[in-house]
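The values are calculated or read from the model by the stated rules, or taken from the named source; none is laboratory data. In this text the structure is predicted, and so the values were computed from the model without any measurement. Here Cβ is always computed from backbone atoms with ideal geometry, including for glycine, and neighbour counts include all displayed protein chains. Heads up: the accessible areas ignore ligands, DNA and RNA and are worked out on the full protein's heavy atoms, side chains in. Shrake-Rupley method; radii C 1.70, N 1.55, O 1.52, S 1.80 Å.
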Amino acid sequence: MKFRIVHNLPQRMRITLVLPKRHIPDNSQIENLFFAVDGVHKVSFNGRTRGLLIRYNGDGAVRVALLKIIKEAPLIFVTKENIKHNRLEQKKKAVVLSGALLVARPMIPFMLAPFFALYGAMPVLKKGFRATLKRRLSVDTLDSAAIGISLLRGDYLTASFITFFLKVGDYLEERIRQKSRESLSKMFQNQDGWAWIKRNGYETKVHIKDIVTGDHVVVRTGSSIPVDGIVVEGVALVNQSSMTGEPLPVSKMAGLMVYAGTVLEEGLLTVKSIRVGDATRVSKIIKVIEESEGSKADVQNHAEMLANKIVPYSFLLSGLTYLFSGNPLKAASVLLVDYSCSIKLSTPLTLMSAMIVASKRGVLIKGGRFIEKLAQANIFVFDKTGTLTEAKPKVLDLIPFNGFNREYLLKNVACVEEHFPHPVATAVVKRAEDEGLDHEENHAEVEYILAHGIASRIEGKRILVGSKHFVCEDNKIRVQREEPVIKDFMDRGYSILYVAVEDTLAGVVVIEDQVREDAQRFLKTLKDLCVGRIIMLTGDNDATARHVAKRLGIEEYHAQLLPEKKREIVKDLKDNGYVVAMVGDGINDSPALSYADIGISLKHGADIAREACDILLLDAALEGILEAREIAQDAMLRIKKNFRYIIGINSALMGLGIAGMITPVASAFMHNATTILVTVNALKPYRITSHSQREDNGLK
């Protein structure tokens, strides 16, 4: 970066930075470059004068470090936000200039009128010319052709009016896009601000970007919470509407979770930061939604393709109109009406607004096409463990066999299981902790066999922990004598974890996997919504699967499935014409989640499942799927309605133009008004049925 030193005193340095005339960065962006240097006391930057004032301890090494930062600083300040803001400002200035030329037209000498009209229309003509060079017929080509006809006829007033309305429409479209982006930024407030953290018993003011995991952040009334963390001290009311949609503030106290972007309305909290910066939940939501603009739904691709195909026919119709009527004004009126402009604006905004609303309800949708698929889904496939049953199974008991004792069994199973973040493994480790058993690392390398189990060596002996298929069939461990005891637990709906040492069955771990409290109600509502079929898949034995399916009212289930088999079932359903939504949370669910039309995972799921899914439930409640589906169906209904409005109104305008009932100026005005109308419809609030309303509707 270029700069000029204005003055350099022993403890004070003033510098003028050479920055682009446009895209001036925020003061904090410049100032933060220097705060990390030891010995710097104060930094202030004036964006208007480009002046930078630095107060430091006078050390020569500090001065050298400061100048090096300035020299090597890249122009990272030309951010997307600055570019978008300046693009909007440029379009605003273009509207003002075009309007000023219209107002001043009576005072412009007749000889200069063509030049002023051409000057105002030049940006539109350039776009059309560039499209023509690329051999592409587009909306820009239509607009430039219509203005060109008016200029060639010497109708400079019409050309100026058309240019003005096109620029107004262009500005309003960009303004609406920016407003939709701003609605995202409102979900996390004060990200460029400051916060107070408690260190060594004292409060210190730091920039939010400098907060690290483990810091104790002090948040007071009226302040935005800058991190995801656990409350360690205090009681307060927190407004979480930006994250959860809850209209009323909720009480927060020690031990409860709070999230970045929510606002403390009353009280005082000390929060231990768990996730900071881009790792916070709200930052991840925003990143996914912003990136999803490139993830178009099939309906959007189809609509845009159809709209673009109409452009050549608009030219043909305009030519025929001129051929039969001889009226260039009628021909120009036809050219000023297009379909793709409204479709390309309203459709993505509808999808983006749906994603924003869903995220506020605790559902992260990773792209527009997944909204469409969720709305169309006519079969839901569920994994059992952790999805329809509790994510935290409990160890009911441990049954030792063949001379092994219970303590040995629990200690060594916990020792190998603690390396894997699976709910069953967590349950075993917790049981060992509850019983005060020490399971120090005394095993060899642990090998995890997907959907089968774990193999390792303890004190030189091989230990196997996993399913019956893994222990008995793959490793040929005999269990005939122990089968009656095991079968008794299985018949009562419990899951069994087999443990073998060398070639002997050492015992089994009996797992109690309780059905989720909300699962039965959720599945009943899903059936009431006329979903074609509901299927449960599990790697558990048939007895356990049958027991859970009966409790939940599921008629169709498949048990003892490996990951490949789950994927095959999903593939067969898709091949038979179903739009499949797969809901799962485990590593072994990820192949099926990836292959389904729409993969849904839960926040407590395995990392690979959360990565593979298309929709992530940020809150544990299955109710989020119902709300997301309702939002998705509403969004698709809006898109279809807007499409009908766009085709109907613009076709009518085209007909009026051909009939000579409207002028090109009126055609341009009404076409842009239609674009704004359908955009407003795309962004209107969603109405989501609450659980109590669903129950009332069910009673009726």
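I need the fraction of alpha carbon pairs in the stretch 452-573 separated by more than 21 Å, rounded to a whole percent.
For the stretch 452-573, the fraction of Cα-Cα distances above 21 Å is 49 percent.
Just order 5-16, 515-526 by mean Cβ neighbour count inside 10 Å, highest at the front, would you? If you can, show how the numbers build up before the last one.
Details: 5-16: 13.2, 515-526: 16.9.
In decreasing order of mean packing, 5-16, 515-526 become 515-526, 5-16.
Ratio of the stretch 463-529's C-alpha Rg to 2.2 N^0.38 Å, to two decimals?
Numbers: Rg = 16.4 Å, N = 67, 2.2 N^0.38 = 10.9 Å.
Dividing the Cα Rg of the stretch 463-529 by 2.2 N^0.38 Å gives 1.51.
Can you list residues from other chains, or at least 5 along the same chain, whose modelled amide H is less than 5 Å from the amide H of D215?
When sequence neighbours closer than 5 places are left aside, the close amide H contacts are S273.
Please compute the net charge surrounding D215, taking Lys and Arg as +1 and Asp and Glu as -1 over other residues with Cβ under 14 Å from its Cβ.
+2
Can you check what the net charge comes to around E568, using other residues whose Cβ is under 12 Å from the Cβ of E568 (Lys, Arg +1; Asp, Glu -1)?
Around E568, the charge tally is +2.
Under a point spin-label approximation (7 Å from Cα along Cα-to-Cβ), what is the K71-R687 distance to one decimal in nm?
The two pseudo-label positions are separated by 6.6 nm.
Lys and Arg at +1, Asp and Glu at -1: add these up for the other residues within a Cβ distance under 11 Å of V471 and post the number.
0
Could you sort 361-374, 200-213, 544-557, 154-167 so that the peptide with the highest average Cβ count within 10 Å comes first and the rest follow in order? Intermediate values should be presented prior to the final figure.
Values: 361-374: 24.3, 200-213: 12.3, 544-557: 18.1, 154-167: 22.6.
Highest-to-lowest ranking by the protection proxy: 361-374, 154-167, 544-557, 200-213.
Could you order peptides 352-359, 109-116 by the average number of other Cβ atoms within 10 Å of their residues, highest first?
352-359, 109-116
Would you mind checking the pairs K134/K330; K360/K430; K487/K524; K384/K524; K366/K571 and listing those with alpha carbons more than 25 angstrom apart?
Listed pairs above 25 Å: K134/K330; K360/K430; K487/K524.
Considering only protein heavy atoms, what per residue accessible area in square angstrom results for the stretch 491-622 with a 1.4 angstrom probe? It would help to have the intermediate numbers written out before the result.
Working: 5430 Å² over 132 residues.
The answer is 41 Å² per residue.
Hey, what do the phi angles of the stretch 648-664 turn into as Karplus ³J(HN,Hα) couplings, whole Hz, using 6.51/-1.76/1.60 and θ = phi - 60°, x for Gly and Pro?
So the J values, rounded to whole Hz, are x, 5, 5, 5, 5, 4, 5, x, 5, x, 5, 6, x, 8, 9, 8, x.
Between Q633 and R4, with labels modelled 7 Å along Cα→Cβ, what's the label distance in nm to one decimal, could you check?
6.7 nm
Would you grab the residues whose amide H sits under 5 Å from the one on E233? Only those 5+ places off in sequence or on another chain, please, with H modelled 1.01 Å from N.
So E233 has HN proximity to T270.
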